[in-house]
Structure formats: structure tokens, C-alpha cells
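One structure below.
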Amino acid sequence: MTDRLLDIFNCLLQRFGPQHWWPAETPFEVIVGAILTQNTNWKNVEKAIINLRQADMLCLHGIHQLETGKLEALIRPSGFFRQKAARLHSFIGLIMNRFDGDLDRLLALPVGELRKTLLEQPGIGPETADSIILYAADKPSFVVDAYTQRIFSRVGLLSGRIEYDRTRALFMENLPRQTELYNEYHALIVRLAKMHCRKRQPLCSDCPLLAVCKYGQTACQGLTGP
DNA sequence: GCCCAGGTGGGTA
DNA sequence: TACCCACATGGG
């Protein structure tokens, strides 16, 4: 299993190269982006991030002091703005109340404890929690998204019920616990998925997996199927 | 006008 | 457990 997972990883890396995720300046910005991008196109998230930056509010204390209505107005382009404003304020409340306003103290927790703490916060589910651990705390926690589940089911590496934690375990139990590897792997899967989304083709002719490894055809079907 | 995007949580059976 | 639905904007 380890060899198969690394085989696919190398195919993607060879085709696309390093993705240099997460596209953010600081750990705090990673967290803001992770919440804002829930069920939302990243382009829309970027608009909200730009609004926050231009208002000089893209920081812990900035958002903390911002009235809910004003925060909602700034992040409106990212959609679900009422929910997301509440989630941002709630998350910052955690840092203020339990970590003395010091984000680094939260991120310094051991992975298991950090993940548990994150999952207890309203609006932080498994994907958002793992994104924060991997891309903000720089610790190994594999990020699973809908595409990951579909691709790896279709190529036959996942069987039975498709569940977040089972998919995550497939990677974490079969790959070395390396932050950089998890980082690139998830980013490359998203990169592959975006290529298919743009083209909207049932099967692609230039899929990197199709070109360089035996999983190509089924992976492509996995991307576009139900 | 319709579909989708780097999800989450509450309700119901 | 397994669905169903609300949440909302912007691009193709």
C-alpha cells in the first residue's frame, strides 16, 4: 500500500511540481483562510482576505475587536458570511480565553491534543482541523477532501464505507509521518481536481496519472463520477 | 438560470 | 447510522 500511495504521489509531483501550499503569509492567515474556504471557491476567499487586509484587520486582535456586522461585510464575498463571521469570532475567543491571546501556544500542542481542541470548536470539522494542523501548525495530519475520497475509492485503495477518518488513516498508516509529504500530497490532489473541474471532461487525455502511471484511467473516472 | 466550490452542524427517522 | 437541509457568494 505504501508503494502505491507513493507511486501516485510521484506521478503528480512529476507532472505538476511542488505546489508551495498554503497560500498565506502567516499561521493566522492560514486559519482564516481555512474557515473562509469551507464549501467555497478559493477565488472568493481571496476577495474576503483582501478586504480584511485592506481594512488592516487581518490579525488576531483586529478581528477580535471588529463588530460582527463589520466582519460580515468584509468577508461577504466568501459566502456563508454570517456563519463564518461567528466561527472566526468563536475561534479567536478560544485563543483569547484559553491561550492568553497567543496563537503559538495553541499550535504548540501535540497533534492529538491540538486536533481534539480544534474539533471541539463550532464550525471546525475534520477537514478544517487537519488543514490548520498541517498548514498553520506545520505538523503531520493528513488533509482529506471530497476529491481524495473519490479518487482513492475509484482506484481501489479504499473499499467499503467512505468516511473521513478511514480515508485519513489510509494515508497516515501507510506513509511516513512527514509534514512536507502530507502538505504536497494534499495540494497535488487539489491541483489535479482543479484541472478536471476546469475542463469538465468525463475522461481526460492529458491527465498526469494517465500519462505516467497505471492508475490514470480509474483516477480520472474517480474525479468526475458521482 | 443552473451548477459548483479546498464543509459543518442540526434535525429527523 | 443515514439522509436531508440550511448556510450564500461569485464564476463559468
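The values are calculated or read from the model by the stated rules, or taken from the named source; none is laboratory data. From a predicted model like this one, the values you see are computed outputs, not experimental measurements. Neighbour counts are summed over all protein chains in view; Cβ atoms, including those assigned to glycine, are modelled from backbone coordinates with ideal geometry.
From the residues in the range A:144-176 that are loosely packed, with under 14 Cβ neighbours inside 10 Å and among the charged types (D, E, K, R), which one is farthest from A:Gly125 (Cα to Cα)? In this case the residue turns out to be A:Glu173. Within the range A:19-43, the set of residues being more than 16 Å from DNA strand C (Cβ to nearest atom), assigned to a loop (DSSP other than H, G, I, E, B) and not hydrophobic (A, V, I, L, M, F, W, C) comprises A:Gln19, A:His20, A:Pro23, A:Glu25, A:Thr26. Determine which single condition A:Asp138 fails, assuming it passes every other condition in (1) in a loop (DSSP other than H, G, I, E, B); (2) surrounded by fewer than 18 Cβ atoms within 10 Å (Cβ to Cβ); (3) within 16 Å of DNA strand C (Cβ to nearest atom). It is condition (3) that A:Asp138 fails. Considering the conditions (1) within 16 Å of DNA strand B (Cβ to nearest atom); (2) within 11 Å of A:Leu36 (Cβ to Cβ), A:Gly93 is excluded by exactly one of them, (2).
Residue selection: A:Ile189 fails the criterion of being buried (at least 21 other Cβ atoms within 10 Å of the Cβ) and part of a loop (DSSP other than H, G, I, E, B). Of A:Met96, A:Met195, all but one fail to be in a helix (DSSP H, G or I) and at pLDDT below 95; the exception is A:Met195. Among the residues of the range A:69-89, none qualifies, meaning not one is in contact with a Pro (Cβ under 8 Å, 6 or more places away or on another chain), at pLDDT 95 or above and of a type in the set (Val, Ile, Thr).
Per the conditions (1) more than 12 Å from DNA strand B (Cβ to nearest atom); (2) crowded, with 20+ Cβ neighbours inside 10 Å; (3) at pLDDT 85 or above, the sole criterion not satisfied by A:Cys220 is (3). Assessment of the range A:61-81 against the conditions (within 11 Å of DNA strand B (Cβ to nearest atom) and assigned to a helix (DSSP H, G or I)) yields at least one matching residue.
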